[in-house]
Amino acid sequence: MMFEKIGIITNEKKDPRFEHTENLIKYLSDKKAKIYANQTGLHEMCDLLIVLGGDGTMLKAAAKAAKTGVPLIGINLGRLGFMSEIEADELHLLDNLFSGGYEIKSRMMLDVGVIKGGTETETEAGSALNDAVVTGGPARLIEVDLSRDGVNIARYMADGVIAATPTGSTAYSMSAGGPIIDPEIECICVTPICPHSLVNRSLIFSRDSVLEIANGNQNSEVYLTIDGHASVRLDENDIVRIKRSNHAARLVSIKKHGFIDVVRAKISDKF
């Protein structure tokens, strides 16, 4: 696949003077491709998106790019950067994009909807590459019921509940004690946040499961957050429905490494 139109998306907080962006444009200037930087509609007009920032920037870009199927590659300007393929000082590795030395890997996403209490109508809330999280207000314990395919599984008294993709297993879910899952395994992982129970276990469901998290709290602030940036307030008896999306994020890999190598390099000091 030849990349004829390349879009650049920059996190201005990570690159306030656009120094990294300018370095990237200079690097790409002698390639046979048209470069579009920080314009609207890049996911519709380009063959490839290069994202400068951290995982949060990649998540926002992936939500739009998945709908059109355009692949992404990330340049890390943040800290861990699990989703970014290269660091800012590794621009030379982008040569692989033009020599054919790359792979495009599909990453499962979730579609998240909300069913208002007393109705059967589902409203789309968004798509998640990492996770959908139901939490209470600050220092608020909430009570929610988890069901799979209409069958009740568990009731949680906790600070919240995370439903994560394998990609998201190294994000909030991992911080809450959830397992690290190889992204080539498509599944949905549910992890309670600080549960008030002697049992603190994650549950892993097949990719075709339809999960529902029912809010049973009266007069409490309860929120649904999708990939850390889209937040919806939930009322009593509202239901969050989570299922595998028909769309997938397409992430470009140009390094000869596996998932375990990435985990070891990023968080080896924590093992």
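No lab work stands behind these numbers, since they all come straight from the coordinates. These numbers were taken from a predicted model, which means no experiment stands behind them. Using ideal geometry, Cβ is built from the backbone for each residue, glycine included, and neighbour counts are taken over all protein chains shown.
Observations, loosely collected:
- Surface/4 of the Cα convex hull for region 109-246, nm²: 7.6 nm²
- Estimated FRET transfer efficiency (Tyr36, Ala88; beta-carbon r; R0 25 Å; 0.05): 0.80
- Straightening the chain between Thr121 and Tyr27 buys 28.8 nm, computed as 0.36 nm per residue apart minus the Cα-Cα spacing.
- Annotation: peptides 43-55, 188-200, ranked by per-residue average of other Cβ atoms within 10 Å with the highest first, follow the order 43-55, 188-200.
- Relative packing of peptides 159-170, 244-255, 208-219 - highest average C-beta neighbours within 10 Å first: 159-170, 244-255, 208-219
- Cα-based helix-to-principal-axis angle, 55-68 vs the chain, degrees rounded to 10: 90 degrees
- Cut-off 16 Å (backbone N to label point 7 Å along Cα→Cβ of Ser175), residues of region 64-85: 78-83
- Taking the Cα centre of the chain as origin and assigning +1 to Lys and Arg Cβ atoms and -1 to Asp and Glu Cβ atoms, the resulting dipole is close to 380 debye.
- Only Lys, Arg (+1) and Asp, Glu (-1) charged, at Cβ; region 201-241 dipole about Cα centre in debye: 200 debye
- Between helix 19-28 and the chain: long-axis angle, C-alpha atoms, 0 to 90°, nearest 10: 50 degrees
- In this structure, the pairs whose alpha-carbon distance is over 23 Å, taken from Lys5/Lys64; Lys60/Lys243; Lys32/Lys67, are Lys32/Lys67.
- Descending Cα extents along the principal axes, the chain, whole Å: 60, 41, 35
- Net +/- balance of residues flanking His196 in space, Cβ distance below 13 Å, scoring K and R +1, D and E -1: 0
- Ordering Thr57, Val252, Ile181 by Cα displacement along the dipole of the chain toward the positive end leaves Val252 in first place; charges were set at the Cβ atoms of Lys, Arg (+1) and Asp, Glu (-1).
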